[in-house]
Amino acid sequence: MTADRGSGRGARGLRVPAPETFSSRLRGEAVAARVGVWLAVCFGLAFLTGLISHYAQADHQPVPFPTSPSWGYRLTQGVHVASGTAAVPLLLVKLWTVYPHLFARPGRRIGELLRHGAERLSIAVLVAAAIFQLATGLANSAQWYPWEFSFRSTHYALAWVAVGALVVHIGVKLPAIRRGLARGALDAPTAPPTTPATPASPATPARTDGAPTRRTLLRATWLAAGAAVLATAGATVPALRRVSLLAVRSGEGPQGVPINKSAEAAGVLTSARAASYRLELVGPSGTRRLSRADLEALPQHTEELPIACVEGWSASGGWTGVRVRDLLALVGAPAASEVAVTSLQVDGAFAASVLPANFVADERTLLALALAGEPLHIDHGYPARIIAPNRPGVLQTKWVARLEVR
Ligand SMILES: Nc1nc2c(c(=O)[nH]1)N[C@H]1C(S)=C(S)[C@@H](COP(=O)(O)O)O[C@H]1N2
Ligand SMILES: [Mo]
């Protein structure tokens, strides 16, 4: 390494650090590879469960999303948010471990410059997409939307970018990953990232003073990731509720189920309580209008089903109401019909949804009138709401005004 490449002066005489300036022996391939493996696991899990969630909300499903198990979406979305949360401390440690590479200068040869530039660009895409995914996902689970774009489509598109860049990155770094994971790499004295690891020599201990070792750094990293998951997982795992200080939604809420949007926020306080409320049923044999008393007079069924919000929280409840398929029979429609659901809520992205035919045919799909043995709380969708098994929370439409067979 020549002196002029080791460090240099920028255009304005600013001293630009060289990778060698960063002397912490904690950095290097051993830590980067180990943290990287877990980052890849987290991003892989988040990607797969994200695809499931996206498909469950898609308008056109070539293969219908299944209604069983009823807790399936609750599980996959819980894993989605937990893996994304765990990835936050992992990504921070990983970036700290490798950022001195930012200051590496390539040689002057055109081939070297091009290779260096291409590698830099792919890393920039990966890091930007990863930070974007974690930041928007975290903000979303905290119900904070400081942006104008559509969360779902943007988070979905960038997921492909992040995973694509990740696959390229793993491919390019495979030799470094192998070296980093090799036995002894953790204890090697210092493994300058750009040269092959020097074999660990027992005569040269990694630790010369009271400074933390790589093992300590890794342990702290796993602890931080675990703590991040525990601090939020209570939003879906009842047993963890008391340790989940950061969980956005706990078990609180009327009738034991949290609330995302109140009747007041949805602007339905008056319409939902109006004595003139009628559920409009539209089917092949015409239109019927049913009051809440009419609905209560129909055969009632109780199902234990979760509300599983895309934001990661979920809660199970005992819902009582009329089977949607029984309602369709009143207007001459077969049980396996697609149904458009409209809320009393006048606007808002969740004011309408579609029940696919297999969901309508499932006898657990209810127009719920009661929760936990009491009439629905107005914030849970009084006078009537949709509750179906294995369905994303956003589609469990509250304050239902109309069911139309398509
Ligand atoms: N009309 C209407 N229905 C809605 C919503 C809404 O904003 N408006 N929010 C949905 C979302 S995002 C979730 S997670 C569930 C929450 O139901 P809960 O408040 O009864 O727990 O309702 C769904 N139904
Ligand atoms: Mo939700």
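Within region 381-406, the set of residues being hydrophobic (A, V, I, L, M, F, W, C) and either more than 13 Å from ligand 2 (Cβ to nearest atom) or assigned to a strand (DSSP E or B) (or both) comprises Ala384, Ile386, Ile387, Ala388, Trp399, Val400, Ala401, Leu403, Val405.
I'd like to verify a number: residues in region 55-86 that are without any contact (Cβ under 8 Å) to a residue 60 or more places away in the chain and either in a helix (DSSP H, G or I) or surrounded by 17 or more Cβ atoms within 10 Å (Cβ to Cβ) (or both), how many? Residues meeting the conditions: 6. Taking the residues in region 387-406 that are among the β-branched types (Val, Ile, Thr) and within 7 Å of ligand 1 (Cβ to nearest atom) as candidates, determine which candidate is nearest to Gly72 (Cα to Cα). Once the filter is applied, the top-ranked residue is Val394. Scanning region 272-293 for residues that are touching a helix residue (DSSP H, G or I) at 6+ places or on another chain (Cβ under 9 Å) and under 17 Å from Ala351 (Cβ atoms), we see that the one that is nearest to ligand 2 (Cβ to nearest atom) is Ala272.
None of Gln300, Gln345 is touching a residue at least 60 places away in the same chain (Cβ under 8 Å), touching a strand residue (DSSP E or B) at 6+ places or on another chain (Cβ under 7 Å) and over 30 Å from Thr232 (Cα atoms) except Gln300. Contact map, region 390-406: residues that are on the phi < 0 side of the Ramachandran plot paired with residues that are within 9 Å of ligand 1 (Cβ to nearest atom) and of a type in the set (Phe, Trp, Tyr), Cβ distance under 6 Å, separation 6+ or inter-chain. Pairs shown: Val394/Phe350. Just so you know, in region 386-406 the residues that are of a type in the set (Val, Ile, Thr) and farther than 20 Å from Thr302 by Cα include one that is surrounded by the fewest Cβ atoms within 10 Å (Cβ to Cβ), and it is Val394. Step by step: first the residues of region 316-333, then only those that are assigned to a strand (DSSP E or B) and crowded, with 23+ Cβ neighbours inside 10 Å, then the one that is nearest to ligand 2 (Cβ to nearest atom). Which residue is that? Of everything passing the filter in region 316-333, Trp319 is nearest to ligand 2 (Cβ to nearest atom). Listed conditions (1) away from ligand 2 (no atom under 16 Å from the Cβ); (2) at pLDDT 95 or above are all met by Pro306, apart from (1).
Quick check, is Ser250 within 16 Å of ligand 1 (Cβ to nearest atom), among the small types (Gly, Ala, Ser) and modelled with pLDDT under 95? When the stated conditions are applied, Ser250 passes them.
The values are calculated or read from the model by the stated rules, or taken from the named source; none is laboratory data. Keep in mind that what you see is a predicted model, and the values were worked out from it rather than measured. When we count neighbours, we look across all protein chains shown, and the Cβ atoms used for this are built from the backbone with ideal geometry, even at glycine.
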